[in-house]
Structure formats: structure tokens, C-alpha cells
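Peer 1: Take a look at this one; I'll ask things after.
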Amino acid sequence: MKRFLFASLIALLPVHAQAVEPDEKLVDPALEARAREISKELRCVVCQNQDIDSSNAGVARDLRLLVRERLTAGDSDNAVIDFIRARYGDYVLLKPPLNQKTVVLWLTPIFLVAAAVIFGGLSLVRARRSVEPDGIDEQDEARIQEALAVYGKRGSE
């Protein structure tokens, strides 16, 4: 069991590894830290909901290099994000702003949760109604009494 757990841990280690390659890193630690923070806010346009800092895609590498290039040129963090946003649109942001273009993106989860609650509640109400007994008719009552009478005679013998 210990070997299995150890093998599982080793298999999961690459998942947490950063995709930033040594040749991408800036010499100045302060600029590198800023680049890392900016990279965590930008989505890889190829990957599914992954920031460019942890993506191995070529486009993510290009975006990381672009972030570092803009920081080296003296741009502020917001200027770098605005520059990349102007090229790729709001989709490149992991937390896009709420506007006309992104309102569906923001409201869809709310509608899905509301629909799940409504349909779940309705199905519970229907399930409870269908469990209620309808009652028995006279024919069923007669059969029950007959079965009890037969059982009663057998038990007394």
C-alpha cells in the first residue's frame, strides 16, 4: 500500500510544476515576481481554464515572454494586462470584467444552479406525491380478510 501511495504522489508531482522555463526567467527578482503575478491572471487561449504560468502550450510561452518583454520595457502591471487584452480580448483574462460581451459568461452558472434547484425541488415534490397510498378497494379488502382467515385456521391447528 505504501508503494502505491508513493507512486501516486510521484505521478501527481508534475501537475503542480510550473511551465516557466529557465530561459524565460528575468534576472531581476522583483520583475520576475511581477511577471508571475500577471501570468496567474492570464488564461492560456489554447488550454481549458489554465493560466499561462502553468501551461506548456506554445501560445502560453509566447504570452509569458510578451509579459516579461513589456515589464522590461517599463510598463506597469495594468498596462501589460491591457496590452495583452487588446490583442486577445476579454477571453484571455481568467477573471473577465462584467460587460455586454461577458454577461452570458457570468450569468450562465447562476441560471444553471437555479434550474438545478427548481428541477430538483419539483422532482422531490413529485416523488413524495407518488409515494402516497391510493387506498385499497373493497375487492382487495375481501382478499386480505380471506387470506387472514385461512392463515388463522392454519395457525390454530
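Peer 1: Please name all residue pairs, on different chains or six or more residues apart, with Cβ atoms under 7 Å, provided the first residue is in the range 96-108 and is free of Cβ contacts under 8 Å to residues at least 40 places away in the same chain and the second residue is open to solvent by 100 Å² or more (accessible area, probe 1.4 Å) and in a loop (DSSP other than H, G, I, E, B).
Peer 2: Listed pairs, sorted by first residue: W106/L98.
Peer 1: While we're on this one: Check the range 102-120 and report whether any residue there is in contact with a helix residue (DSSP H, G or I) (Cβ under 7 Å, 6 or more places away or on another chain) and either within 22 Å of V27 (Cβ to Cβ) or among the aliphatic types (A, V, I, L, M) (or both).
Peer 2: There is no residue in the range 102-120 that is in contact with a helix residue (DSSP H, G or I) (Cβ under 7 Å, 6 or more places away or on another chain) and either within 22 Å of V27 (Cβ to Cβ) or among the aliphatic types (A, V, I, L, M) (or both).
Peer 1: Residues that are within 30 Å of A30 (Cβ to Cβ) and more than 26 Å from the chain's Cα centre (by Cα): does the range 84-94 have at least one? First the steps, then the outcome.
Peer 2: The first filter runs over the range 84-94 and keeps only residues within 30 Å of A30 (Cβ to Cβ), leaving 84-94.
This time we only want the ones that are more than 26 Å from the chain's Cα centre (by Cα), so: 86-87.
Within the range 84-94, one or more residues are within 30 Å of A30 (Cβ to Cβ) and more than 26 Å from the chain's Cα centre (by Cα).
Peer 1: Show me the helices (runs of 4 or more DSSP H) found entirely inside the range 1-100 where at least 2 residues are modelled with pLDDT of 90 or more.
Peer 2: Working: elements: 2-16, 29-39, 58-72, 77-88.
Answer list for the range 1-100: 29-39, 58-72, 77-88.
Peer 1: Anything in the range 72-88 that is of a type in the set (D, E) and surrounded by 15 or more Cβ atoms within 10 Å (Cβ to Cβ)? List them, or say none.
Peer 2: Those that are of a type in the set (D, E) and surrounded by 15 or more Cβ atoms within 10 Å (Cβ to Cβ): D75, D77.
The values are calculated or read from the model by the stated rules, or taken from the named source; none is laboratory data. Bear in mind the structure is a predicted one, so any value in this text is a computation, not a measurement. All Cβ positions, glycine included, derive from the backbone under ideal geometry; neighbour counts span all protein chains shown. Heavy atoms of the whole protein, side chains included, go into the accessibility calculation; ligands, DNA and RNA do not. Shrake-Rupley method; radii C 1.70, N 1.55, O 1.52, S 1.80 Å.
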